[in-house]
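What follows is a short report on a single structure.
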Amino acid sequence: AEGGYYMQEEIREVVEYARALHITVIPEIEMPGHSEEVLATYPQLACSGKPYVNKDLCIGNEETFEFLKNVLSEVIELFPSEYIHIGGDEADKASWATCPRCRTRMRQEGLEDVDGLQSYLVHRVEVFLNGKGRRLLGWDEILQGGLAPDATVMSWRGSEGGIAAARAGHQAVMTPNSYCYLDYCQDDPTREPAAAAAFVTLEKAYSLDPAPDSLGVDVVPMILGVQGNLWCEHVPTGEHAEHMIWPRLMAIAEVGWSAPERKDYDDFHARVLDAVAWMQQRGYHPFDQKNAVGPRPESLDTLHCLSTGRQVVYRTPYSPKYPAAGDASLTDGLCGGWNYGDRRWQGWLDTDVELVVDLGERLPVKRIAACFMQGFYADIWMPRAVEISVSDDDRHYTPLAVVENDIPFEYKQDCYREFGWSGQTAARYVRLKALHNGHPGGWIFTDEIIVEYPRRGGFPGCFLAMCLPLQWERGGAKSFRPPGNRVS
């Protein structure tokens, strides 16, 4: 609603409209995290007692629970749904460890750690909701510290949380982000509208099996179904929402109502094309599935060049959050896809990156390159520049090029850029230094180091997949190709 809130009468109108369509609206009141807006208005509910300092509600403050009961009482009056969603995801918990009131609560309740504090909140809120004839639903983080007796888990960080809940006798809803998040880009992100920096195709959504028989006859019935999520931080219009939802929501729906052995993607895809055409004819704005690019072309083939299979010396260790496939990732011949989380892209946080490839012996070299990506909404930035140099002894390096970045920091479209040098040299060691752009909290991601040798007998020194030239649209303007590498 305009202004960022709904009046009670507007809520009643939404609920009644949904009821007439046989839809139940389940409200989500986020706790204890994602509560910055609450703490800005009610700073006494923060561990610090100040606005804009903490992210989570203070669990040691009894006033927190009075506030939540008042809010939930109003919500229960407005929404007749059996379930009330309490969120529970992505709580920072950092302030709880040092907050005197939270530490007192932990001693009083015999809680071992801050996860126990979240579990304490969930248990108390569930008792309150059950007393009002309602049931608690929360994201899979509510498993941390122990699950409340009657809680239902909505599993978004993969399927593991939902499976764990179901095995423990709790109902679960499957909405793993790598299959069900409709705010993720669905095709070539250099051509699609700006979206969260991740990738879910129609086929990937359709491939989900939310309750495989292998879980057992006692577990499968506890999995209630599936859910598709469209978070709208980057979706400003209804037309954009239609583009993100359709046709992937059809895939999630068919996952929910079809036995796995009856699913047939080719048949489904043909029906989707008909449905998309039907929608377009009636003025809706679905994604044009028939012209989908699909996976990033470079990711479909395997590279074969001087660097393939060679050892990479990580002078800068990669982040344990984004290790790709480990130390061999950057010379395994496999380029990354559109998604930085596909275990082919390797990531570094808040640092320059220095990498050395040992070719094993001194060899002629004609080209050195690596591809980097930018995902504005995931805080992934192009390096400020990439320095390329070579050596015979891994001590004395000869500079070959400093390749500067020419993609603006503010550019919001996902994009991919090769930083490279071409010429004639010979070396055993190849070094790349990717320089951080200086913005705190920024990541650098790369997927493969390419070292080519001079052509012999007409065959290229590195063949199959290569990093394609970059092309994008800025702010809806006409496409343009960025200037070539500025090498100094």
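General remarks:
- Any hit, region 19-29, residues being closer than 20 Å to His123 by Cβ, out of contact with any Lys or Arg (no Cβ under 6 Å at 6 or more places or on another chain) and of a type outside the set (Lys, Arg): yes
- Tally, over region 170-190, of residues that are surrounded by 20 or more Cβ atoms within 10 Å (Cβ to Cβ) and among the small types (Gly, Ala, Ser): 1
- Residue in region 429-436 that is closer than 15 Å to Glu404 by Cα, in contact (Cβ under 8 Å) with a residue 60 or more places away in the chain, not in a strand (DSSP E or B) and not acidic (Asp, Glu) present: yes
- Unmet criterion (only one of (1) within 22 Å of Asp267 (Cα to Cα); (2) surrounded by fewer than 20 Cβ atoms within 10 Å (Cβ to Cβ); (3) modelled with pLDDT under 95) for Glu203: (3)
- Contacts under 6 angstrom Cβ, first residue in region 296-323 being under 16 Å from Leu355 (Cβ atoms), partner open to solvent by 70 Å² or more (accessible area, probe 1.4 Å), 6 or more apart: Ser319/Leu349
- In region 358-393, of all residues being free of Cβ contacts under 8 Å to residues at least 60 places away in the same chain and acidic (Asp, Glu), the one that is surrounded by the fewest Cβ atoms within 10 Å (Cβ to Cβ) corresponds to Asp393.
- Selection of region 293-335 for residues being in a loop (DSSP other than H, G, I, E, B), open to solvent by less than 50 Å² (accessible area, probe 1.4 Å), farther than 30 Å from Arg395 by Cβ and at pLDDT below 95 yields Gly294, Arg296.
- If the condition is being farther than 16 Å from Gln118 by Cβ, open to solvent by 10 Å² or more (accessible area, probe 1.4 Å) and not in a loop (DSSP other than H, G, I, E, B), then region 141-163 contributes Glu160, Ile163.
- Residue match in region 267-284 (condition: basic (Lys, Arg) and at pLDDT 95 or above): yes
- Listed by first and then second residue, the pairs linking a residue in region 257-269 that is among the small types (Gly, Ala, Ser) to a residue that is outside any loop (DSSP other than H, G, I, E, B), with Cβ atoms under 6 Å apart and 6 or more places separating them unless they lie on different chains, form an empty list.
- One residue stands out among those in region 337-357 that are open to solvent by 50 Å² or more (accessible area, probe 1.4 Å) and under 13 Å from Ile380 (Cα atoms): the one that is nearest to the chain's Cα centre (by Cα), which is Leu349.
- Looking at region 170-263, the helices (runs of 4 or more DSSP H) lying wholly inside it that each contain 2 or more residues that are more than 22 Å from Asp89 (Cβ to Cβ) sit at 202-206, 238-245, 248-257.
- Every residue from region 437-454 that is touching a residue at least 60 places away in the same chain (Cβ under 8 Å) and either over 35 Å from the mean Cα position of the chain (by Cα) or closer than 14 Å to Met373 by Cα (or both): Gly442, Trp443, Ile444, Phe445, Thr446, Asp447, Glu448, Ile449, Tyr453, Pro454
- For region 424-439, a residue qualifies if it is surrounded by fewer than 17 Cβ atoms within 10 Å (Cβ to Cβ), more than 22 Å from Gln311 (Cα to Cα) and in contact with a strand residue (DSSP E or B) (Cβ under 7 Å, 6 or more places away or on another chain), and exactly one does: Gln424.
The values are calculated or read from the model by the stated rules, or taken from the named source; none is laboratory data. Given the structure is predicted, the values throughout are model-derived calculations rather than measurements. Note that each Cβ is placed from the backbone with ideal geometry, even for glycine, and that neighbours are counted across all protein chains shown. Heads up: the accessible areas ignore ligands, DNA and RNA and are worked out on the full protein's heavy atoms, side chains in. Shrake-Rupley method; radii C 1.70, N 1.55, O 1.52, S 1.80 Å.
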